[in-house]
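These notes are about the structure you will find just below.
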Amino acid sequence: MDSLEEEVRQLEHTLAQYPPHTVVFYGSSTVRLWTRLAQAFPQVQVLNAGFGGSTLEACGWYFERLIVPAQPRAVILYAGDNDLGNDRKPEEVYLFFCALADKMQRHLPNVPLIYVSIKPSPARWAIITQIRAANTFIAAEISRLPNTTFIDLTDAMLTPDGQPRPDLFEVDGLHLNPVGYALWQKL
């Protein structure tokens, strides 16, 4: 977690500038790189609390420092992609989600948590079985939790023959491009 500390400190400073009761988008670089997030959701005040390279484990670790003080109206979470990319098992990613969801229930029990499924990207297509397993475990847990929703974007991000849609991704095959973000906004 030490490698993320500087970016987290900067994010803490940014979050302190925002009023409470915003909709906080929290997670990895897929969130951080959504530079037109406020324009995508003009009907609500949004706050981008993404930090590059973060994992679901890191999101749980920094939750009390970043999310609790923000006093969010809702939290939209995208993380887990990097955990799997770092050879963590789907069961571990599930446990990281459970730890974060537990913190939500303890610190922000009336605040909705919306979890966006781990995306099927060309760069991580070799681990699609692990991505699907982690999504399945997390979706099952979410079905038992109050104020928690699972948004599964998988099918919308695949071609009719079941491959990742290249038109949604930057050249790195991992991060979304404007077309990909427009799809996420719609869904």
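The values are calculated or read from the model by the stated rules, or taken from the named source; none is laboratory data. The model shown is predicted, which means the values in this text are computed figures rather than measured ones. Note that each Cβ is placed from the backbone with ideal geometry, even for glycine, and that neighbours are counted across all protein chains shown. What goes into the accessible areas is simple: the full protein's heavy atoms, side chains included, and nothing from ligands, DNA or RNA. Shrake-Rupley method; radii C 1.70, N 1.55, O 1.52, S 1.80 Å.
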Filter the range 1-16 for residues that are polar (S, T, N, Q) and modelled with pLDDT of 85 or more and give the result. GLN10, THR14
Hey, any hits in the range 50-62 for a residue that's small (Gly, Ala, Ser), open to solvent by 20 Å² or more (accessible area, probe 1.4 Å) and either modelled with pLDDT of 95 or more or at positive phi (or both)? yes
Please go through (1) farther than 26 Å from GLU141 by Cα; (2) open to solvent by less than 30 Å² (accessible area, probe 1.4 Å); (3) β-branched (Val, Ile, Thr) for VAL75 and return the number of the only condition it doesn't satisfy. (1)
Which residue is farthest from ARG88 (Cα to Cα), if the candidates are limited to the range 1-14 and must be among the aliphatic types (A, V, I, L, M) and open to solvent by 10 Å² or more (accessible area, probe 1.4 Å)? LEU11
Of all strands (runs of 3 or more DSSP E) completely enclosed by the range 63-164, which ones contain at least 1 residues that are over 20 Å from ALA182 (Cα atoms) and in contact (Cβ under 8 Å) with a residue 40 or more places away in the chain? 74-78, 148-151
Would you mention how many residues in the range 15-40 are open to solvent by less than 40 Å² (accessible area, probe 1.4 Å) and not hydroxyl-bearing (Ser, Thr, Tyr)? 9
Of those in the range 125-165 that are open to solvent by 40 Å² or more (accessible area, probe 1.4 Å) and within 16 Å of the chain's Cα centre (by Cα), the residue nearest to HIS21 (Cα to Cα) is THR149
Being open to solvent by less than 30 Å² (accessible area, probe 1.4 Å) and among the charged types (D, E, K, R) is the filter here; which residues of the range 90-124 pass it? LYS119
